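Heads up: the structure comes next, in structure tokens.
The values are calculated or read from the model by the stated rules, or taken from the named source; none is laboratory data. Computed from a predicted structure; not experimentally measured. Cβ atoms come from the backbone with ideal geometry, glycine included; neighbour counts cover every protein chain shown. In case anyone asks, the SASA skips ligands and DNA or RNA and just uses the protein heavy atoms, side chains included. Shrake-Rupley method; radii C 1.70, N 1.55, O 1.52, S 1.80 Å.
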Amino acid sequence: LLFWAVEWIFRRRDLLPLATAGAVVALVILTTQFQMAYFLFGAAGAYAIFRAVREGAARGGAALERLALFVLFSVIGAGAAGVQFIPAFPYVVEHSRRTMTTVSAEEETGVEYSSSWSLHPEEAVALLVPEFVGNTAADADWASGTYWGRNAIKLNHEYLGVVALLLAALSFMGARERGIRWFLVAMSGTAFLFGLGAHTPLWRIAYEILPGISLFRAPGMAVFLTAFGVATLAGMGVERALDLFSRGETARVLRVLAMSCGVLALGTILAASGVLLSAWTSIVYRDIDATKLDALGRAAPFITRGFFLATLLAVTTLGLWWARGRGILNGAAVVIFLGFLVAADELRVDHAFIRTVDAGAFLAPNPNIRFLMNRAEAEPPFRVFSMVQGGQDVTPGMYGLDLAAGHHPNDLGRYRELIGMEGSGIPEHLARFHPNVMRILNVRYLLWPDAQFGVLEGIEPLSRTVSQEGEPFESVYGYPGLARARIVGDALVVPEGESLAVVLGDEGRNYDPEIETVLTEPPPIELGGPGVTGSATWIERTPNRLVLDVDASGPALLVLSENWFPAWRAAVDGVPAGVLRADYTLRAVAVPEGSHRVEMWYESSLLEASAWVSAACLILLGISAGVALRGARRREGAVA
């Protein structure tokens, strides 16, 4: 859609295409994974420059004017989506876990992180023959336990489609508009080489000179631009081939397709004989380990089958064009059959990754979840630590249960340090039941996969599911975590760099979170000491607002087991109060002796300003489109 809008800008000389392009830019930012949007904007910007240079030869300054207007309206479109991306930027670079792996990382660590999840030579071949690299856990025989590539796992596929690639090749057979075709080739090739990460110098050059690349990982995601280029060229290839056949020039098309069939047939023979994989592991992938060799052994017969299917698809494509040349099929029939062939080619891969399930069965809570849901209705707020999926389980969240782990890896860096989690690994401090961490995070229940890690000894389960053999499968255990909101009368004030170590007990201090908290700056009032007692009663609890009634026997701190962030504000009995960062990543508010109402709300001046920017830019886009449409109607009326 964005490429179409860019093309329209250079074909229609009013504000409507420009406003449309701005709106599309906003939609991309609001709806797309931002790394994908970044790559798309780079490619679309390059296309706009290409079109301006191309038009400039004929129209001179008018083309540069359209290019400048495209840039202007793209900025306006980005502003229309500012409410989403402007506040996100400082979060990513200052607060998220990305700071540990990118902007704050040592150079070698940052480079290694940003190049992780690249495509590798095996994935490159799989763009043509999807079975070549296998997969980890998709729903097909060729895609389950057959991944032997160099990444840890693979749960997706970048297959371009052998039929689409063959049709794309036909687009260069003496066609007009060769410049656009070569641009698409350059774009597709650049995205492909970037996707290979450290296997080519292109990615490292981009890493060093392009802003924001160091914040990303998974360079292989850029290959969607390769797919877009191939798909577009395939459409042009069909158009060109039909034109050639209408003029009786069939030999060139059939020769290219026949040569492609021969290459794929040779690949089938080499794969079936074992020569291909033997040569690959001897020359290309010499350091393959035993585990990946086992996966390769399972994948081998499917690789042969994949080359055979690719050959069959190529031969069928050749047959359709041969039938067109013989007059057996007309152009429309060829296009229809090619459409079915492309769909079949893609669906044979897609079906392994798309599963249709019964929504009722999927959403039905099991007995353990039902138990926790009942407890959530009867008790003050609590968190559940689920060790299912190695601490990455988010299923309880579907039922309104608060989790201590399993969050998206872009969550707060401090919180991930507190729970001892690196990358997508196990949250070590939770998995090892670190008492301070578990208590301050309000963990009251454990969802434990007995079948995977064994039954927890010495603890009676509160709820349990069993396997078909009657063995414990998954249990709910209780844990004595502290309240989500607690009153403490004492604080350990330590330097910033020591606070996490104190919470974890690494500094040799006997830290007791039940009666004290860890701060990096003195509290605004003199606290009453460890003997202070009190209570906190929840009045309101929403994502953006918290209200509690507290009662303290002396000056104290209300400590909330919620993440600290600069945008949180607080008031005690209506009087503004500072929100302190406690226990390394939690919140605290000072309260005097006695009964008080404490309010806390999220108020970001940056978010508010971003909302105004978005509103203004949306209005500007709307006015531009309206002016263009009104002008068009006037011109139509004048002609009539």
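Brief remarks follow.
- Being among the basic types (Lys, Arg) and more than 21 Å from LEU155 (Cα to Cα) holds for only one residue in ARG355, ARG324, ARG305, and it is ARG324.
- Within the range 554-575, the set of residues being in contact with a His (Cβ under 6 Å, 6 or more places away or on another chain) and farther than 18 Å from ARG541 by Cβ comprises ASP573 only.
- Yes/no for GLU417 being part of a helix (DSSP H, G or I), open to solvent by 20 Å² or more (accessible area, probe 1.4 Å) and under 25 Å from PHE89 (Cβ atoms): yes
- Pairs, first under 12 Å from SER118 (Cα atoms) and of a type in the set (Ser, Thr, Tyr) in the range 184-195, second in a helix (DSSP H, G or I) and open to solvent by 20 Å² or more (accessible area, probe 1.4 Å), C-beta under 9 Å, six or more apart: none
- Checking GLU593 against (1) loosely packed, with under 14 Cβ neighbours inside 10 Å; (2) of a type in the set (D, E, K, R); (3) more than 26 Å from GLU379 (Cα to Cα), the condition it does not meet: (1)
- Residues that are open to solvent by 10 Å² or more (accessible area, probe 1.4 Å), among the small types (Gly, Ala, Ser) and at pLDDT 95 or above, drawn from the range 189-206: GLY189
- Check on PHE362, of a type in the set (Phe, Trp, Tyr), more than 30 Å from LEU462 (Cβ to Cβ) and free of Cβ contacts under 8 Å to residues at least 24 places away in the same chain: no
- Residues of the range 51-87 that turn out to be surrounded by fewer than 20 Cβ atoms within 10 Å (Cβ to Cβ) and either polar (S, T, N, Q) or farther than 24 Å from SER605 by Cα (or both), as a count: 18
- Screening the range 28-50 for residues that are among the hydrophobic types (A, V, I, L, M, F, W, C) and open to solvent by 30 Å² or more (accessible area, probe 1.4 Å) and picking the one that is farthest from PRO211 (Cα to Cα) gives PHE50.
- Test result for ARG630, open to solvent by 60 Å² or more (accessible area, probe 1.4 Å) and part of a strand (DSSP E or B): no
- Just one of the listed residues (GLU608, GLU593) is of a type in the set (D, E, K, R) and free of Cβ contacts under 8 Å to residues at least 24 places away in the same chain, and it is GLU608.
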